[in-house]
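Worksheet for the structure shown next.
The values are calculated or read from the model by the stated rules, or taken from the named source; none is laboratory data. Worth saying up front: this structure is predicted, and the values here are computed from it rather than measured. Note that we place each Cβ from the backbone using ideal geometry, even for glycine, and neighbour counts take in every protein chain shown. Surface accessibility is based on the protein's heavy atoms, side chains included, excluding ligands, DNA and RNA. Shrake-Rupley method; radii C 1.70, N 1.55, O 1.52, S 1.80 Å.
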Amino acid sequence: MLDSLALSVWSLQQLTLERGVPLGTLLDVIVDLGVSQIELNEDYVRLPEYRHLAGMRRLRAELESRGLKLLSTWFYTDFLGTVRISSRPALVEQLREYLLTAAELGAEQLTLPLGDGFDGIDVDKGRATLNEILVEVLPLAEATGVRIGIETGRSEGTFHTPGAVLRLVESFASPSLRMVPDFEAWRVSTSDLPLMHVETQAASSEPAPVSLFRACLPYAPIVHAKLLRLDENGDEPHFPLRELMAAIVESPIRHILEVEYEGWIPDVDPHLDCIEQTRQCLSLLRRMASHAIPATSLSAATGERGVLTE
């Protein structure tokens with residue numbers, strides 16, 4: 001079932017990159033959008049004013065003063081690539097630092113992509129290394145109460161596809177290790193937006209089946225709702241939204257749907273107002289959810305029926 005909506009600050013990051021808008025202003029915008037839970041990526045957590053202990057506590061106070069809950073902190077990682085150029089102990093120490101940062105900020109989850117290693121990697125050794133890393137890191141996740149969420153937003157590759165991440169998380173059977181399916185892995189081919197990932201400039205394979213999305217949901221308290229471009233009717237035709245939303249609604253566990261508007265990137269619609277587009281994305285999902293979910297099924301923790309209504 002759908003618990004509530006949250007918002008990734010990435011949705012508004014164009015304002016910082018292009019105009020230097022500070023995080024505090026973005027937080028005010030998020031409050032105005034009617035959202036009370038956010039994901040904060042490392043670009044902001046690593047800013048000089050927040051980097052050290054006093055800064056992290058100041059950032060936590062800024063969130064709390066606005067009534068915002070830090071649902072997740074997101075850090076980019078490439079587990080196997082880092083081990084290759086550095087060492088496993090160095091990566092483990094880095095991941096522990098991320099966990100402690102998330103705990104200090106009051107985050108519920110540390111969200112990480114795995115990366116996909118490097119050319120020529122031995123698949124069995126790669127999987128063994130991933131297991132060894134997580135075995136070393138999970139005790140701190142359990143001790144801090146910050147779970148690790150492995151983000152999976154690619155439908156091709158070896159280690160970070162939804163199926164591969166699902167198998168990894170299932171093998172640990174730990175509530176401190178979950179997955180974060182991203183709608184990107186289920187994006188469909190359209191004439192206006194090719195199935196291409198910016199990082200590699202390579203065409204993607206076909207989208208993952210919705211049946212795999214359903215299989216991931218028991219391990220996904222947070223789902224990344226990637227959205228790129230709305231049409232003239234306010235719909236998002238680049239993802240099988242109705243099928244994905246139906247899977248979430250029918251799931252027996254609660255899910256927080258974290259909106260990640262990415263249409264502002266240079267490859268899509270950088271000329272559009274990212275605030276207004278984010279507002280429309282939230283409105284779309286609220287509208288879809290209100291048609292499918294009785295108000296009584298919403299989490300009492302949100303304190304507001306308006307989370308999923310117009």
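List of remarks:
- Taking the criterion of being without any contact (Cβ under 8 Å) to a residue 12 or more places away in the chain, open to solvent by 70 Å² or more (accessible area, probe 1.4 Å) and of a type in the set (A, V, I, L, M, F, W, C), the only residue of the range 50-74 that qualifies is 54.
- Complete set of residues in the range 85-142 that are within 21 Å of the chain's Cα centre (by Cα), of a type in the set (D, E, K, R) and either assigned to a helix (DSSP H, G or I) or at pLDDT 95 or above (or both): 96, 97, 104, 108, 142
- The residue list 220, 203, 246 contains one member that is at pLDDT below 95 and either buried (at least 18 other Cβ atoms within 10 Å of the Cβ) or closer than 14 Å to residue 288 by Cβ (or both), which is 246.
- Here the range 75-97 is the region considered, the condition is being more than 19 Å from residue 109 (Cβ to Cβ) and of a type in the set (Lys, Arg), and the residue that is surrounded by the most Cβ atoms within 10 Å (Cβ to Cβ) is 88.
- Applying the set (1) surrounded by 15 or more Cβ atoms within 10 Å (Cβ to Cβ); (2) more than 20 Å from residue 32 (Cα to Cα); (3) at pLDDT 95 or above to residue 278 leaves exactly one unmet item: (2).
- Residue in the range 16-35 that is polar (S, T, N, Q), open to solvent by 70 Å² or more (accessible area, probe 1.4 Å) and out of contact with any Pro (no Cβ under 9 Å at 6 or more places or on another chain) present: no
- One residue from 237, 209 being out of contact with any helix residue (DSSP H, G or I) (no Cβ under 7 Å at 6 or more places or on another chain) and under 20 Å from residue 150 (Cα atoms): 209
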